[in-house]
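The values are calculated or read from the model by the stated rules, or taken from the named source; none is laboratory data. For clarity, every value in this text was computed on a predicted model and none was experimentally measured. Positions of Cβ are generated from backbone atoms using ideal geometry, with glycine treated the same way; all protein chains shown enter the neighbour counts. Side chains are part of the model used for accessible areas, which takes the heavy atoms of the whole protein and leaves out ligands, DNA and RNA. Shrake-Rupley method; radii C 1.70, N 1.55, O 1.52, S 1.80 Å.
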Amino acid sequence: MKLVIDARFTRVDQLDGISRFGANLIAATARLADVTMLVSDERQLAWLPDVPWVKINSPLSPAELFVARRVNRLGADVVFCPMQT
């Protein structure tokens, strides 16, 4: 199973609740499935597990309207976002 997890809400300065939840979820699921993270800033990688990642736009960008098109190209079976977007 190919799983894509949106890690774009991970803070770059320090971990907060959603950042920690996302990082731990990625680490746990990476042991069970083929996981790819979505990041919007390479500085986020310092807080995230060492799994494959793809850089896409910020979730606050107007390009967010078209993010589904980019994510669909990754061929994921499941896409998960820890924020209520």
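Structure above, values below:
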item	result
Among the residues listed as 18, 5, 26, the single one being among the aliphatic types (A, V, I, L, M) and in a strand (DSSP E or B)	5
Residue check, residue 43 open to solvent by 100 Å² or more (accessible area, probe 1.4 Å), charged (D, E, K, R) and over 19 Å from residue 13 (Cβ atoms)	no
Among the candidates 51, 78, 67, 39, residue that is over 11 Å from the mean Cα position of the chain (by Cα) and modelled with pLDDT of 95 or more	78
Meets criteria (under 23 Å from residue 72 (Cβ atoms), open to solvent by less than 50 Å² (accessible area, probe 1.4 Å) and part of a loop (DSSP other than H, G, I, E, B)) for residue 36	no
Leading residue by the ranking (farthest from residue 31 (Cα to Cα)) among those in the range 56-78 that are touching a Leu at 6+ places or on another chain (Cβ under 8 Å) and outside any loop (DSSP other than H, G, I, E, B)	71
